[in-house]
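K.L.:
There's a structure below that I have some questions on.
Throughout, read-outs are computed from the coordinates displayed, never taken from laboratory work. Computed from a predicted model, the values in this text were never measured in an experiment. Note that each Cβ is placed from the backbone with ideal geometry, even for glycine, and that neighbours are counted across all protein chains shown.
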Amino acid sequence: MRKVEVTPYNDKWASMFKVEWERLQQIFGSVALNIHHIGSTAVLGLSAKPVIDILIEVKNITIADSFNKDMEELGYEVKGENGIEGRRYFQKGGSNRTHHVHVFQHGSPDVERHVAFRDFLRVHPDEAARYGQLKETLASRFPYDMAAYIDGKNDLVLEIEKKALEWYRMV
């Protein structure tokens, strides 16, 4: 059973992303249109689960399947769509996860959603603080119930996501 751990922002998260970005760039090479650091670890000052979330945009999602062996050699577990149609998902670190990689086809609304959420929180510290406080509270309340933790965040995530998409489309 995985413990729900939310920690204060760690300056090392940016460098952890950079190291992994270089490894992923070697694997995905020219088919990677963009490799984004997403999620809470990508927002300066935001408390987060200490797992680096990475989003890779590709021209054609089926190309991601050809990199499964390379990703396994890099220490990732191949999870397929893992509940989100049109995504390829990889996780690293077993029950002590360190990285999640989400691969989406360029133009997927999921790319815009993740990037908008991250960028919105980066420039709206009040919203980031509110989100971080909720995550800390939920992790404390549900230390061994990841489903309850995720469910507890859902309403605020949807609220922020809506604001973020409206904001993102205007900037």
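K.L.:
Given (1) buried (at least 18 other Cβ atoms within 10 Å of the Cβ); (2) out of contact with any Pro (no Cβ under 8 Å at 6 or more places or on another chain); (3) in contact (Cβ under 8 Å) with a residue 24 or more places away in the chain, identify the lone condition not met by L33.
P.N.:
(1)
K.L.:
If we keep just the residues of region 47-87 that are part of a strand (DSSP E or B) and not charged (D, E, K, R), which is surrounded by the most Cβ atoms within 10 Å (Cβ to Cβ)?
P.N.:
Ranking the candidates gives I52 first.
K.L.:
One residue is enough: does region 45-60 have a residue meeting the conditions among the charged types (D, E, K, R) and either in contact with a Gly (Cβ under 6 Å, 6 or more places away or on another chain) or closer than 22 Å to M1 by Cα (or both)?
P.N.:
So far as region 45-60 goes, yes, one or more of its residues are among the charged types (D, E, K, R) and either in contact with a Gly (Cβ under 6 Å, 6 or more places away or on another chain) or closer than 22 Å to M1 by Cα (or both).
K.L.:
Can F67 be described as of a type in the set (F, W, Y), in contact with a strand residue (DSSP E or B) (Cβ under 6 Å, 6 or more places away or on another chain) and in contact (Cβ under 8 Å) with a residue 12 or more places away in the chain?
P.N.:
no
K.L.:
Taking into account only those residues within region 10-25 that are assigned to a helix (DSSP H, G or I), out of contact with any Ser or Thr (no Cβ under 9 Å at 6 or more places or on another chain) and not small (G, A, S), which is surrounded by the most Cβ atoms within 10 Å (Cβ to Cβ)?
P.N.:
L24
K.L.:
Can you run down the residue pairs with Cβ atoms below 7 Å, 6 or more apart or on separate chains, where the first is in region 117-142 and touching a residue at least 40 places away in the same chain (Cβ under 8 Å) and the partner is of a type in the set (K, R)?
P.N.:
F120/K163; K135/K153; L138/K153
K.L.:
Something else now. Checking the conditions here, which among F104, F90, F120 is surrounded by 15 or more Cβ atoms within 10 Å (Cβ to Cβ) and part of a helix (DSSP H, G or I)? Reasoning before the result, please.
P.N.:
Values: F104 fails: part of a helix (DSSP H, G or I); F90 fails: part of a helix (DSSP H, G or I).
Testing whether each residue is surrounded by 15 or more Cβ atoms within 10 Å (Cβ to Cβ) and part of a helix (DSSP H, G or I) leaves just F120.
K.L.:
Scan region 31-41 and give yes if some residue there is part of a helix (DSSP H, G or I), in contact with a strand residue (DSSP E or B) (Cβ under 9 Å, 6 or more places away or on another chain) and under 20 Å from R113 (Cβ atoms), otherwise no.
P.N.:
Among the residues of region 31-41, at least one is part of a helix (DSSP H, G or I), in contact with a strand residue (DSSP E or B) (Cβ under 9 Å, 6 or more places away or on another chain) and under 20 Å from R113 (Cβ atoms), which makes the answer yes.
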